Amino acid sequence: MDEDEMPRSPLDRMPQPTTPKKLVPVLDDEITIRLFATCDGKSFLDRRDTAIIRLLFDTGGRLSEVANLSLNDVNLKTDTVQILGKGDKYLAVPFGANTGRALSRYIRARAKQPGADLPNLWLSSRGPKPLRANGVKIMLRRRGEDAEIEGMHAHRFRHTLAHEWKVQGGNDSALMEVMGWTSAEMVRHYGKAAAQTLAQQAHRDMALGDRL
């Protein structure tokens with residue numbers, strides 16, 4: 001055997017252990033309220049960041065989808081936003097009254113900013129230019145740090161919406177439509193945390209140990 005050759009170990013034939021995937025932590029009400037509180041002001045940045053965070057929270061939109069919105073994609077009369085999802089598929093996604101108010105306040109503040117004539121919904125605070133996806137990512141991380149939330153990123157809102165939908169008994173087909181999914185496997189993937197919550201509650205309700 002050459003000196004740079006190593007004998008094969010019997011362990012090489014053994015299947016390698018798989019590392020369990022960690023669940024993306026969902027946002028509970030207390031955490032979300034803390035996040036909202038970091039931008040509870042009247043400055044342009046506060047108005048903008050509140051609108052972005054509420055829209056992510058309410059629609060479960062992907063970072064790129066929400067960041068790339070144009071001003072014309074928002075309809076405050078019907079409380080819907082037109083999102084261009086994967087596969088170039090447009091979705092009219094509804095949002096609630098609180099998100100509508102946040103968007104209305106931001107759009108009024110936006111009209112006074114440099115770059116107000118740009119088609120992009122979100123404007124940077126640094127001159128007449130749009131706020132891109134990376135800027136939204138940085139903003140969320142900064143607001144998360146201000147709220148003492150570890151690992152704050154846009155996808156947590158998406159997981160939170162799917163979690164709440166499943167916990168409240170929402171229809172899988174409707175969830176797929178709202179989220180822009182074509183595979184039912186995505187429902188299972190995003191609903192893992194909800195499945196755990198429901199299983200734990202069912203276990204408590206059964207109270208097998210209390211029967212005897």
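Where a number appears in this text, it was derived from the coordinates with a stated rule and is not lab data. Values in this document were obtained by computation on a predicted structure and should not be read as measured data. Heads up, the Cβs are rebuilt from the backbone with ideal geometry, glycines too, and the neighbour counts pull from every protein chain shown.
Pull out the extension gain between residue 86 and residue 146, defined as 0.36 nm times the separation in residues minus the alpha carbon to alpha carbon distance; nm, one decimal. Display every interim value, and only then the final one.
Working: separation 60, 0.36 × 60 = 21.60 nm, distance 3.20 nm.
Between residue 86 and residue 146, full extension yields an extra 18.4 nm.
Give the total of Lys-Lys pairs in segment 29-152 with Cα-Cα distances below 20 Å; include a pair only if its members are 8 or more places apart or on different chains. Spell out each step's value before the answer.
Details: 42/112; 86/137; 112/129; 129/137.
Summing the qualifying lysine pairs gives 4.
What percent does the relative contact order of segment 29-152 come to when contacts are Cα pairs within less than 8 Å and at least six residues apart? Before the final figure, lay out each step's value.
Working: 157 pairs, mean separation 34.2, N = 124.
Taking the mean separation of contacting Cα pairs over the length of segment 29-152, I get 28 percent.
Just add up the charged neighbours of residue 152: K/R +1, D/E -1, any other residue whose Cβ is under 11 Å from the Cβ of residue 152.
Net of charged neighbours comes to +2.
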